[in-house]
1. Where in region 76-156 are there trypsin sites (Lys or Arg not before Pro) that are in a DSSP coil and have at most 15 other Cβ atoms within 10 angstrom of their Cβ?
2. For q = 0.07 Å⁻¹, what log10 I(q)/I(0) does the chain give under the Debye formula with an equal point scatterer on each alpha carbon and no solvent?
3. Semi-axes, largest first, in whole Å: what does sqrt of 5 times each Cα gyration tensor eigenvalue give for region 57-154?
4. Between region 7-46 and region 110-142, what is the C-alpha centre distance in whole Å?
5. Test of understanding: extend the Cα→C-beta vector of Met48 to 7 Å, then name every residue of region 81-115 with backbone N under 20 Å from that spot.
6. By DSSP, what percent of the beta bridges with both residues in the chain are antiparallel, rounded to the nearest 5?
7. In the neighborhood of Met48, defined by Cβ-to-Cβ distances under 11 Å, what is the net charge if each Lys or Arg adds +1 and each Asp or Glu adds -1?
8. Work out, step by step, the length gained on full extension between Met143 and Lys31: first 0.36 nm times the residue separation, then minus their alpha carbon distance; give nm to one decimal.
Amino acid sequence: MRIYHAPGSRSVRVIWLFEELGLPYELVQFKLGSPEMRAPEFLKVSPMGRVPVLLDGEQTIFESGAIVQYVLAKYGDGALVPDMSTPEFATYLQWFHYAEGMLMPPVNTIVVETVFLSEERRNQVNVDRATKLLNRMLGAVEMHMEGREYLAGEFTAADIMTGHACSVAARLGADVSALPNVAAYIARIEERPALQAARKHSLPTD
């Protein structure tokens, strides 16, 4: 399988998943925002010119959560997903989707305003509003993680999704100093060998 990846993007989730499962993959890397991501040949693979993209034979998927679910369903053999008969399964689903539903929207605003827009086009009001919202979203993680190591019992793909989002939020300046459970969770996530391996496979800018 081939993974299209840009360091500093959500695509690290997909590499992390492959490393956790021990699945082989071919990696194609871009620099985030590179003109190559708008080239006609890549737009045939990813119509929006974004990563991640997974190519699995004739199958193409270009949304990180969908890629994670697809790989787990087809190749995971039950790994990283709680059994459907357990209470943890509903918890898993909730926190799997919390990443994109709640955490990443304000993250996206912060990234656009502080990275992609030129200085004269940036709006600090937007950054402040998004940062405040992001801290509120992290507050829910803080409450849930009381007495827990991972989001849904053992380590699951929900941690790949929302754990990554929490880590990105902290790197972008979200204040976790008053969120000890979140801070400890991020540290725990960052220590996983599979995530460290995924980052080593990225360009030095990751």
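Bear in mind these aren't lab numbers, they're just calculated from the coordinates by the rules spelled out. Note that the structure is a prediction, hence the values are computed from the model and not measured. Methodologically, a virtual Cβ is constructed for each residue, glycine included, from the backbone with ideal geometry; neighbour enumeration extends over all protein chains shown.
1. Working: sites: Arg121, Arg122, Arg129, Lys132, Arg136, Arg148; in loops: Arg122, Arg148.
Of the trypsin sites (Lys or Arg not before Pro), the ones in loops of region 76-156 whose Cβ has at most 15 other Cβ atoms within 10 Å are Arg122, Arg148.
2. So the normalised log intensities are -0.21.
3. Values: eigenvalues 199, 88, 12 Å².
With the √(5λ) rule applied to region 57-154, the semi-axes are 32, 21, 8 Å.
4. First find each Cα centre; the distance between them is then 25 Å.
5. Residues 96-115 fall inside that zone.
6. Numbers: 6 of 10 bridges.
That works out to approximately 60 percent antiparallel.
7. Working: positive: Arg38, Arg50; negative: Glu63.
Combined, the nearby Lys, Arg, Asp and Glu give +1.
8. Values: separation 112, 0.36 × 112 = 40.32 nm, distance 3.62 nm.
Here the answer is 36.7 nm.
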